[in-house]
Amino acid sequence: MNAVDAKRSNVKLVIAGLLLGLFMAALDQTIVSTAMTTIIEKIGGFDKFIWVYSAYMIAMVVSTPIFGKLSDMYGRKRFFLAGLILFMVGSILCGTAQNMEQLIIYRAIQGIGGGALMPIVFTIIFDLFPAEKRGKMMGLFGAVFGVSSVFGPVMGGLITDNLSWRWIFYINVPIGILAVLFIAQAYHEQSNPRKQIIDWLGAISLTGFVLTLMFGLELGGSDGWAWDSAKTISLFVAAGVLLIAFLFIERSAKDPIIKLSLFKNKVVTSSMAISVLYGGIMIAAATYIPLFIQGVFHKTATETSSVLTPMMLGVVLSSQVGGRVVSKLRYRDVMVVSALTLLVGTLLLGYVMDQETSRLVITLFMIIVGLGIGVSFSLLNISTLNAVPPQYKGSASSLITFFRTIGSALGITVFGAMQKSAFQSGVKEIPNINPEVASQIKGGQALLNPDIQAKLGLPADLISQLISKLGDSIIFIFQWTIILPVLALIFAILMGRARLEVSKTGGGTHGAPGKPAAEGQQGPQGDGKPAPSFHGG
């Protein structure tokens, strides 16, 4: 692998460049939401606006494992810089978009760049720092996601109101330029002369699998794409076929995109499973808590733009704590506490919260959920990267982002379908409701828009009843989310006794006395044997 040249690298500037790059990518996932209403007013395309988010997410999911593998093969620096430049190019293009179709295409370009930034940041941190400092640094970088979630909506509103919606994209350019300059000048790697082989078949089949799966999840249930329609089913069938093909290709590939034997390690497998589950919980909370507060407390979309701030502050705090305690406790112990905290938070949202609950109490519930989620941002990267051989660290780091995003996509689709079904069932209980009105409002979120309320021409008491049913359907979602932290708790226990072993002499990781190696340092087989030594890749 391409090892970092710590003597020549300016660590402080490298950290600054990585933080800026990660903040830019994370911020872009939250800053756009606040400005979307204005964007639709200016360039139209209301029927397509959801693809502004979907195009970014799909492109990022597709590119993340590929960039992770390429960084293992050819070095982190060139692909991190490539990701920064692609992201900036996409941002500039988004700012110049004249219609929704252009904006969607340009967001996909941004997403490809984001797919390089997210995983490579954490791999560089792992390469750059000894074991005793990694937890603290991972906590710092994990907190970036929470910080961006707090500032993103606020910045989006301020920029849109005082400048132009186009500047929510242009703002990435100065941030990205600084990141490029810092990394280009301060980060140095040792070159690797080994001839590389790119797994093209694996890359193509993986891309096809992700695209068909994500399109199926995004389009399923929409107009003309009923879940039981031939078009929707064919996408999922194609995804299944391509996944099987990908697995067969990876088993025989000389240098696979994803080394399947890594999943024989229980730490790696458990970390990936928890990533999926936490991704689903976080997207459910981030999507439905603002809707609940907007409806129950009669707030506007702008007024609820910062409603997630308490939860995200909990994420920031626990990410920092998780990064610091990981060198003192087993991964299992930290994640068990995390999963139990998250279980308490989801139980409170699903079985204690109702439409009479005060805003202050709901805020407390959100903080508990944030405290449960945040640990994962730092600890899962550490547990995964510490459990794989050196030449697979880029791939392993990319898989954390990959599975978390897949979890988010699955979560928003499954919970969205459940919420819509629960809402429609509730609407049928309203006396003398017009079936045509019920079909128009679908999942009920449109009721929170005053313009749509006026367009429907419904009486105020009926609007109130419908919004009450919307609140009930959201509580119903949180009652089901408790399954996810329960499953996460099981996978946390399955992590076993693995831990980050820190050398007292300050020199990385080592096995515990009297053992071949720490479980956290197992080889890909997860059999308790030490990871093999790799020199020059």
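The values are calculated or read from the model by the stated rules, or taken from the named source; none is laboratory data. Given the structure is predicted, the values throughout are model-derived calculations rather than measurements. Cβ coordinates were reconstructed from backbone atoms using ideal geometry, including for glycine residues, and neighbour counts include every protein chain displayed. Surface areas here come from the heavy atoms of the whole protein model, side chains and all, with no ligands, DNA or RNA. Shrake-Rupley method; radii C 1.70, N 1.55, O 1.52, S 1.80 Å.
Using only alpha-carbon positions in region 416-464, the gyration tensor eigenvalues give semi-axes of 17, 13, 9 Å once each is multiplied by 5 and square-rooted (largest first).
Tally Lys/Arg at +1 and Asp/Glu at -1 over every other residue whose Cβ is under 15 Å from the Cβ of VAL352; what's the total?
Working: positive: ARG359; negative: ASP354, GLU356, ASP472.
Cβ neighbours under 15 Å give a net charge of -2.
With charges set only on the Cβ (+1 for Lys and Arg, -1 for Asp and Glu), what does the dipole of the chain come to about its Cα centre, in debye to the nearest 20?
On the way: 40 positive and 28 negative charges, 418 e Å.
In total the dipole reaches around 2000 debye.
When GluC sites (Glu not before Pro) are flagged only if DSSP places them in a loop and at most 10 other Cβ atoms lie within 10 Å, the longest unflagged stretch of the chain comes out as 1-355. Given axes a ≥ b ≥ c from the Cα gyration tensor, I'd like to know whether region 51-210 is rounded (a/c under 1.5), prolate (a/b larger than b/c) or oblate. Oblate. Computed from point charges on the beta carbon alone (+1 for Lys and Arg, -1 for Asp and Glu), the dipole magnitude for region 347-497 about its Cα centre is near 580 Debye.
Projecting the Cα atoms of LEU81, GLY115, ILE40 onto the dipole axis of region 39-125, where Lys and Arg carry +1 and Asp and Glu carry -1 at the beta carbon, places LEU81 farthest toward the positive end. Charged neighbours of LYS420, selected by a Cβ distance under 14 Å, balance to +1 (K, R count +1; D, E count -1). Would you work out if region 201-293 is rounded, prolate or oblate? Take a ≥ b ≥ c from the square roots of the eigenvalues of the alpha-carbon gyration tensor; rounded if a/c is under 1.5, else prolate when a/b is larger than b/c, oblate otherwise. Oblate. Helices assigned as whole DSSP H runs in the chain whose Cα atoms extend at least 27 Å along their own long axis and whose mean Kyte-Doolittle hydropathy is -1.0 or higher are found at 11-43, 50-74, 76-96, 100-128, 131-162, 200-219, 230-252, 266-296, 359-385, 393-428, 460-481.
Where the eigenvalues come from the Cα gyration tensor of region 130-228, what are the semi-axes √(5λ) of the equivalent ellipsoid, largest first, in whole Å?
Values: eigenvalues 207, 180, 57 Å².
Over the Cα atoms of region 130-228, the ellipsoid semi-axes are 32, 30, 17 Å.
Dipole magnitude for region 202-255: computed about the Cα centre from +1 point charges on Lys and Arg Cβ and -1 point charges on Asp and Glu Cβ, it is near 200 debye.
Counting only heavy atoms of the protein chains and using a 1.4 Å probe, THR481 has close to 0 Å² of accessible surface. Checked against a 25 Å cut-off, the cross-linked pairs LYS69/LYS266; LYS136/LYS393; LYS48/LYS442; LYS136/LYS264 give Cα-Cα distances beyond that limit for LYS136/LYS264.
Given a 1.4 angstrom probe, I'd like the percentage of the accessible area of region 328-474 that is carbon and sulfur, rounded to a whole number. Kindly include the intermediate steps, with their values, before the conclusion.
Values: 3510 of 5760 Å².
The C+S portion of the solvent-accessible surface of region 328-474 is 61 percent.
Only one residue of SER421, SER395, GLN29 has its Cα farthest out toward the positive end of the dipole of the chain, where Lys and Arg carry +1 and Asp and Glu -1 on Cβ, and that residue is SER395.
Under the combined filter of DSSP loop state and at most 13 neighbouring Cβ atoms within 10 Å, region 294-386 retains none of its chymotrypsin sites (Phe, Trp or Tyr not before Pro).
With Cβ to Cβ distances under 11 Å as the rule, what net charge do the other residues near ALA97 carry (K, R +1; D, E -1)?
On the way: positive: LYS42, ARG107, ARG166; negative: GLU101.
Combined, the nearby Lys, Arg, Asp and Glu give +2.
Ranking MET137, ALA460, GLY221 by how far each Cα lies toward the positive end of the dipole of the chain (charges on Cβ) leaves MET137 at the top.
Based on the alpha-carbon gyration tensor of region 102-149 and its eigenvalue square roots a ≥ b ≥ c, which shape applies: rounded if a/c is under 1.5, prolate if not and a/b is larger than b/c, or oblate?
Details: a/c = 7.09, a/b = 2.14, b/c = 3.31.
Taking the square roots of the gyration eigenvalues as a ≥ b ≥ c, region 102-149 is oblate.
Of the trypsin sites (Lys or Arg not before Pro) in region 246-346, the ones in a loop by DSSP (not H, G, I, E or B) with at most 10 other beta carbons within 10 Å are LYS254.
Hydrodynamic analysis of region 152-308 uses the Kirkwood radius over alpha carbon pairs. Inserted into Stokes-Einstein at 10 °C and 1.306 mPa s, it gives a translational diffusion coefficient of 77 µm²/s.
Kindly provide the trypsin sites (Lys or Arg not before Pro) of region 39-70 that DSSP labels as loop, not H, G, I, E or B, and whose Cβ sees at most 16 other Cβ atoms within 10 Å. Before the final figure, lay out the partial values.
Values: sites: LYS42, LYS48, LYS69; in loops: none.
Nothing satisfies the criteria.
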